[in-house]
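None of the figures in this text is laboratory data; all of them are computed from the coordinates on show. Values in this document were obtained by computation on a predicted structure and should not be read as measured data. Don't worry about glycine lacking a Cβ; one is built from the backbone with ideal geometry, like all the others, and counts go over all protein chains shown.
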Amino acid sequence: MTLARRPLLLGALGTLAAPPLLRAQGSAAGGAGWTRDAYLAAMRASGREVQMTEQAFAAIQARKPAALRRIEAYLKARFDGEADPAVMRAFEQVPREYFHYYYESRANQAGNAYESDPKPWGIGYGSALSDYLGQAYMTQACAPKPGHVVLEIGTGSGFQSALLSRIVAKQYSIEIINPLGTAVQRIFAPLGYSNVETRVGDGFFGWPEVEGGFDTIIVTCAAQYVPPALIQQLKPGGRLVIPIGQPFRRGQFLYIYTKDEDGRVRSRKDVGVYFIPMTGAMMNRPRPATAANTEPAAPAEPARPAQPAG
């Protein structure tokens, strides 16, 4: 959903243990206690010292309600009139401005948050913060539930993991770009998001050490085929949301794979998307013979219209 890892155009929940700076103000991040001082303290605690005036912070917060209305209308238009309340609550809770940061030059970009024309924003090292409509679409497509254990391939800014962490029991995420993944590992604790665990590595192999596997796996880069490890690590009854297509070419589609209780894998062709390719082993390993069993059936179900991406 971005210039590098994410699409260019697609664009009572998880336990929240608030850190001291937020507990003292009586509210979680994104709520009434999310003040300019709380924002600056959280940024400092994450290793991203920034400055912002009260006026600039207030302007960001003033744009948020309109962005939430945009997200709700967008989801209702694409999911048969339903915007998942859990997804909407997550977007309301997570302060998006906290994730608008350019890591390569250590530049604050919080002033871009909740823009009226949603688009991806570069965060350095060839990655980007996806547009919020595209992220809302993919979040609802994951069908997250409070007891779920979720894996994201492509941590990027960390915003997608933060959203899912407000809904599910445990959120894991893998980033292949070392300096980005190392920096983003520090951003969750200052918000009190204690159920997020990240690592630097190649998402092609998933996270096999997680016992029992995953209820949902979300991939935010275009794969040429489904990595066999991701299917193996998907629980029976689980869901894999993944873009598939050739690198740097149009004609990519989001696919939703489900695994039956008996282990049979089914696929559904969803929206047209455009993602930068999955790197690492995907680019230098021959297609495994086992991948043929996880490819979309032909003909696939008709795709929904392409979505603005993020």
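Just want the ordering: 96, 266, 70, from fewest to most Cβ atoms lying within 10 Å of their own Cβ.
266, 70, 96
Over segment 165-213, what relative contact order in percent results from Cα pairs under 8 Å that are six or more residues apart?
45 percent.
Mind putting a number on the dipole of segment 20-294 about its Cα centre? Charges go on the C-beta only, +1 for Lys and Arg and -1 for Asp and Glu, and I need it in Debye to the nearest 20.
300
Tell me which trypsin sites (Lys or Arg not before Pro) from segment 170-231 have a DSSP coil assignment and no more than 14 other beta carbons within 10 Å of their own.
186
Name the long-range amide H neighbours of residue 197: under 5 Å, sequence gap of 5 or more, or other chain; modelled H, no Pro or chain starts.
Result for residue 197 returns 171, 172, 173.
Provide the net charge surrounding residue 85, with neighbours chosen by a C-beta distance below 13 Å and charges set as Lys +1, Arg +1, Asp -1, Glu -1.
It works out to a net charge of 0.
Mind scanning 119/259; 64/259; 119/235; 119/145 and naming the pairs with a C-alpha gap bigger than 31 Å?
Long pairs (Cα-Cα over 31 Å): 119/259; 64/259; 119/235.
Can you sort 173, 194, 116, 267 so the residue with the fewest Cβ neighbours within 10 Å comes first?
Taking fewest neighbouring Cβ atoms as first place, the list is 116, 194, 267, 173.
Cut-off is 10 Å between beta-carbons; in what order do 200, 94 appear when sorted fewest neighbours first?
By the 10 Å Cβ count, ascending, the order reads 200, 94.
Can you grab the distance from the C-alpha centre of segment 213-245 to the C-alpha centre of segment 58-78, Å, no decimals?
Cα centroid of segment 213-245 versus Cα centroid of segment 58-78: 29 Å apart.
Place the peptides 106-113, 280-287 in order of packing, highest mean first, counting for every residue the other Cβ atoms within 10 Å and averaging per peptide.
106-113, 280-287
Could you grab the relative contact order for segment 123-221? Cα pairs under 8 Å, six or more apart, rounded to a whole percent.
It comes to 33 percent, rounded to a whole number.
Starting from the 7 Å offset along Cα-to-Cβ, what nm value, one decimal, do you get for the label separation of residue 50 and residue 265?
In this crude spin-label approximation the distance works out to 3.9 nm.
What is the extension gain from residue 235 to residue 112, computed as 0.36 nm multiplied by their sequence separation minus the C-alpha to C-alpha distance, in nm to one decimal?
Stretched out fully, the residue 235 to residue 112 stretch lengthens by 40.5 nm.
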